[in-house]
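Contents: one structure, followed by commentary.
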Amino acid sequence: KIIAAIPVKSLDDDETKPLKEGKTSSETTERLNEIYCAIYDGAESFLQAEYKVCFQFIAFFGLVVFALVSWGTGWDYWQGGFTALSFWLGALTSMASGYLGMKVAVYSNVRTTISAQKPGYTSCFNTAFRAGAVMGFALCGMGLLMLYATLLAYRMHYDDSEQWTVLTEVITGFGLGGSCIAMFGRVGGGIYTKAADVGADLVGKVVH
(Lines give C-alpha, C1' and ligand atoms only; values in the text may rest on other atoms or scores of the structure.)
Protein backbone atom coordinates (compact mmCIF):
# COMPACT_ATOMS: atom_id res chain seq x y z
CA LYS A 1 0.00 0.00 0.00
CA ILE A 2 2.87 2.38 0.75
CA ILE A 3 4.49 1.76 -2.64
CA ALA A 4 1.15 1.95 -4.45
CA ALA A 5 0.54 5.38 -2.89
CA ILE A 6 3.68 6.82 -4.55
CA PRO A 7 2.43 8.80 -7.56
CA VAL A 8 3.48 7.71 -11.03
CA LYS A 9 4.49 10.91 -12.83
CA SER A 10 6.63 11.50 -15.87
CA LEU A 11 9.66 13.70 -15.30
CA ASP A 12 9.60 17.17 -16.82
CA ASP A 13 12.82 19.18 -16.66
CA ASP A 14 15.66 20.26 -18.93
CA GLU A 15 17.86 17.23 -18.24
CA THR A 16 15.30 14.53 -18.99
CA LYS A 17 14.15 13.34 -22.36
CA PRO A 18 10.49 12.61 -23.20
CA LEU A 19 9.39 9.00 -23.49
CA LYS A 20 7.69 9.87 -26.77
CA GLU A 21 8.37 12.82 -29.03
CA GLY A 22 5.59 15.38 -29.29
CA LYS A 23 4.00 14.40 -25.97
CA THR A 24 3.75 16.70 -22.97
CA SER A 25 4.58 15.57 -19.46
CA SER A 26 0.91 15.36 -18.44
CA GLU A 27 0.02 13.31 -21.53
CA THR A 28 2.92 10.96 -20.88
CA THR A 29 1.92 10.59 -17.21
CA GLU A 30 -1.65 9.76 -18.21
CA ARG A 31 -0.43 7.15 -20.68
CA LEU A 32 1.97 5.66 -18.14
CA ASN A 33 -0.79 5.29 -15.57
CA GLU A 34 -3.08 3.73 -18.17
CA ILE A 35 -0.51 1.08 -19.09
CA TYR A 36 0.49 0.58 -15.46
CA CYS A 37 -3.12 -0.02 -14.35
CA ALA A 38 -3.70 -2.43 -17.25
CA ILE A 39 -0.61 -4.47 -16.30
CA TYR A 40 -1.61 -4.40 -12.62
CA ASP A 41 -5.16 -5.58 -13.34
CA GLY A 42 -3.90 -8.31 -15.68
CA ALA A 43 -1.37 -9.61 -13.17
CA GLU A 44 -3.95 -9.54 -10.37
CA SER A 45 -6.53 -11.41 -12.46
CA PHE A 46 -3.97 -14.02 -13.50
CA LEU A 47 -2.85 -14.69 -9.93
CA GLN A 48 -6.41 -14.98 -8.67
CA ALA A 49 -7.31 -17.46 -11.43
CA GLU A 50 -4.11 -19.47 -10.94
CA TYR A 51 -4.31 -19.58 -7.15
CA LYS A 52 -7.87 -20.89 -7.24
CA VAL A 53 -6.55 -23.94 -9.06
CA CYS A 54 -3.53 -24.12 -6.75
CA PHE A 55 -5.72 -24.17 -3.63
CA GLN A 56 -7.72 -27.07 -5.04
CA PHE A 57 -4.54 -28.92 -5.97
CA ILE A 58 -2.78 -28.55 -2.62
CA ALA A 59 -5.93 -29.51 -0.72
CA PHE A 60 -6.25 -32.76 -2.69
CA PHE A 61 -2.55 -33.57 -2.95
CA GLY A 62 -2.00 -32.86 0.75
CA LEU A 63 -4.47 -35.63 1.58
CA VAL A 64 -2.63 -37.93 -0.85
CA VAL A 65 0.66 -37.15 0.92
CA PHE A 66 -0.95 -37.84 4.30
CA ALA A 67 -2.33 -41.21 3.16
CA LEU A 68 0.84 -42.39 1.43
CA VAL A 69 3.24 -41.33 4.19
CA SER A 70 1.02 -42.84 6.88
CA TRP A 71 0.80 -46.09 4.94
CA GLY A 72 4.54 -46.15 4.23
CA THR A 73 5.42 -45.69 7.91
CA GLY A 74 3.16 -48.44 9.24
CA TRP A 75 0.17 -46.13 9.70
CA ASP A 76 2.01 -43.55 11.75
CA TYR A 77 -0.62 -40.82 11.52
CA TRP A 78 1.54 -38.28 13.33
CA GLN A 79 4.27 -38.55 10.71
CA GLY A 80 1.75 -38.51 7.89
CA GLY A 81 -0.04 -35.50 9.35
CA PHE A 82 3.14 -33.52 9.94
CA THR A 83 4.36 -34.25 6.43
CA ALA A 84 1.05 -33.12 4.93
CA LEU A 85 1.11 -30.00 7.11
CA SER A 86 4.65 -29.26 5.91
CA PHE A 87 3.44 -29.64 2.35
CA TRP A 88 0.61 -27.16 2.90
CA LEU A 89 2.90 -24.67 4.65
CA GLY A 90 5.47 -24.88 1.86
CA ALA A 91 2.80 -24.41 -0.81
CA LEU A 92 1.24 -21.42 0.97
CA THR A 93 4.65 -19.84 1.51
CA SER A 94 5.45 -20.27 -2.17
CA MET A 95 2.11 -18.73 -3.15
CA ALA A 96 2.69 -15.75 -0.86
CA SER A 97 6.18 -15.33 -2.31
CA GLY A 98 4.83 -15.43 -5.85
CA TYR A 99 2.17 -12.84 -5.04
CA LEU A 100 4.69 -10.54 -3.38
CA GLY A 101 7.13 -10.96 -6.24
CA MET A 102 4.47 -10.07 -8.82
CA LYS A 103 3.52 -6.96 -6.83
CA VAL A 104 7.13 -5.77 -6.61
CA ALA A 105 7.68 -6.40 -10.32
CA VAL A 106 4.58 -4.47 -11.35
CA TYR A 107 5.31 -1.54 -9.04
CA SER A 108 8.94 -1.27 -10.14
CA ASN A 109 8.21 -1.66 -13.86
CA VAL A 110 6.70 1.76 -14.46
CA ARG A 111 9.12 3.47 -12.07
CA THR A 112 12.05 2.02 -14.01
CA THR A 113 10.51 3.45 -17.17
CA ILE A 114 10.29 6.89 -15.58
CA SER A 115 13.88 6.65 -14.34
CA ALA A 116 14.99 5.86 -17.90
CA GLN A 117 14.14 9.48 -18.85
CA LYS A 118 17.22 10.66 -16.97
CA PRO A 119 20.57 10.82 -18.81
CA GLY A 120 22.61 7.64 -18.67
CA TYR A 121 21.63 4.24 -17.38
CA THR A 122 22.49 4.68 -13.69
CA SER A 123 19.09 5.80 -12.43
CA CYS A 124 16.96 3.20 -14.24
CA PHE A 125 19.49 0.43 -13.49
CA ASN A 126 19.47 1.27 -9.78
CA THR A 127 15.67 1.30 -9.70
CA ALA A 128 15.43 -2.11 -11.35
CA PHE A 129 18.33 -3.55 -9.33
CA ARG A 130 16.91 -2.38 -6.00
CA ALA A 131 13.48 -3.75 -6.84
CA GLY A 132 15.07 -7.10 -7.69
CA ALA A 133 17.05 -7.05 -4.46
CA VAL A 134 13.93 -6.34 -2.41
CA MET A 135 12.11 -9.16 -4.15
CA GLY A 136 14.96 -11.66 -3.79
CA PHE A 137 15.79 -10.97 -0.15
CA ALA A 138 12.12 -10.79 0.87
CA LEU A 139 11.18 -14.08 -0.79
CA CYS A 140 14.24 -15.98 0.45
CA GLY A 141 13.80 -14.53 3.92
CA MET A 142 10.14 -15.49 4.01
CA GLY A 143 10.91 -19.07 3.00
CA LEU A 144 13.72 -19.48 5.53
CA LEU A 145 11.68 -17.90 8.33
CA MET A 146 8.70 -20.18 7.70
CA LEU A 147 10.95 -23.25 7.45
CA TYR A 148 12.72 -22.36 10.70
CA ALA A 149 9.41 -21.74 12.52
CA THR A 150 8.06 -25.08 11.27
CA LEU A 151 11.17 -26.92 12.51
CA LEU A 152 10.87 -25.29 15.94
CA ALA A 153 7.20 -26.24 16.17
CA TYR A 154 7.83 -29.85 15.13
CA ARG A 155 10.71 -30.11 17.59
CA MET A 156 8.18 -29.79 20.41
CA HIS A 157 6.79 -33.19 19.33
CA TYR A 158 10.09 -34.79 18.30
CA ASP A 159 11.99 -33.60 21.37
CA ASP A 160 14.30 -36.63 21.56
CA SER A 161 17.47 -36.31 19.48
CA GLU A 162 16.99 -39.90 18.28
CA GLN A 163 13.75 -38.77 16.59
CA TRP A 164 15.36 -35.96 14.62
CA THR A 165 15.78 -38.27 11.64
CA VAL A 166 12.00 -38.51 11.50
CA LEU A 167 11.84 -34.73 11.92
CA THR A 168 13.99 -34.21 8.83
CA GLU A 169 11.78 -36.66 6.91
CA VAL A 170 8.51 -34.91 7.72
CA ILE A 171 9.94 -31.48 6.88
CA THR A 172 10.66 -32.62 3.32
CA GLY A 173 6.98 -31.97 2.61
CA PHE A 174 7.79 -28.25 2.84
CA GLY A 175 10.06 -28.42 -0.17
CA LEU A 176 7.57 -30.54 -2.08
CA GLY A 177 4.81 -27.99 -1.53
CA GLY A 178 6.99 -25.08 -2.58
CA SER A 179 8.21 -26.90 -5.68
CA CYS A 180 4.67 -27.80 -6.77
CA ILE A 181 3.53 -24.17 -6.64
CA ALA A 182 6.73 -23.07 -8.39
CA MET A 183 5.89 -25.53 -11.16
CA PHE A 184 2.41 -24.02 -11.49
CA GLY A 185 3.92 -20.53 -11.57
CA ARG A 186 6.48 -21.42 -14.22
CA VAL A 187 4.17 -23.38 -16.52
CA GLY A 188 1.05 -21.26 -16.00
CA GLY A 189 3.01 -18.00 -16.05
CA GLY A 190 4.82 -19.04 -19.21
CA ILE A 191 1.57 -19.81 -21.00
CA TYR A 192 0.05 -16.55 -19.76
CA THR A 193 2.97 -14.39 -20.85
CA LYS A 194 3.18 -16.11 -24.23
CA ALA A 195 -0.52 -15.44 -24.80
CA ALA A 196 -0.01 -11.82 -23.73
CA ASP A 197 2.94 -11.45 -26.13
CA VAL A 198 0.92 -12.84 -29.03
CA GLY A 199 -2.05 -10.60 -28.17
CA ALA A 200 0.16 -7.50 -27.92
CA ASP A 201 1.83 -8.36 -31.23
CA LEU A 202 -1.53 -8.74 -32.97
CA VAL A 203 -2.84 -5.49 -31.48
CA GLY A 204 0.29 -3.67 -32.61
CA LYS A 205 -0.09 -4.96 -36.16
CA VAL A 206 -3.78 -3.98 -36.29
CA VAL A 207 -3.22 -0.52 -34.84
CA HIS A 208 -0.16 0.39 -36.88
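Data for the structure
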| item | result |
| --- | --- |
| Pick from the stretch 22-80, criterion acidic (Asp, Glu) and farther than 18 Å from residue 98 by Cβ, ranking: modelled with the lowest pLDDT | 27 |
| Which listed residue, of 183, 146, is open to solvent by 80 Å² or more (accessible area, probe 1.4 Å) and not aromatic (Phe, Trp, Tyr) | 183 |
| Identity of the residue in the stretch 57-98, in contact (Cβ under 8 Å) with a residue 24 or more places away in the chain and surrounded by fewer than 17 Cβ atoms within 10 Å (Cβ to Cβ), that ends up nearest to residue 129 (Cα to Cα) | 96 |
| Boolean, residue 139 is in contact with a helix residue (DSSP H, G or I) (Cβ under 6 Å, 6 or more places away or on another chain), hydrophobic (A, V, I, L, M, F, W, C) and either open to solvent by 40 Å² or more (accessible area, probe 1.4 Å) or closer than 25 Å to residue 38 by Cα (or both) | yes |
| Check on residue 39, open to solvent by 70 Å² or more (accessible area, probe 1.4 Å) and either among the acidic types (Asp, Glu) or in contact (Cβ under 8 Å) with a residue 40 or more places away in the chain (or both) | yes |
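The values are calculated or read from the model by the stated rules, or taken from the named source; none is laboratory data. Being a predicted model, the structure only gives us computed values, none of them experimental. In this analysis, Cβ positions are derived from the backbone assuming ideal geometry, glycine residues included, and neighbour counts consider all displayed protein chains. These area figures cover heavy atoms from the full protein model, side chains too; ligands, DNA and RNA do not enter into them. Shrake-Rupley method; radii C 1.70, N 1.55, O 1.52, S 1.80 Å.
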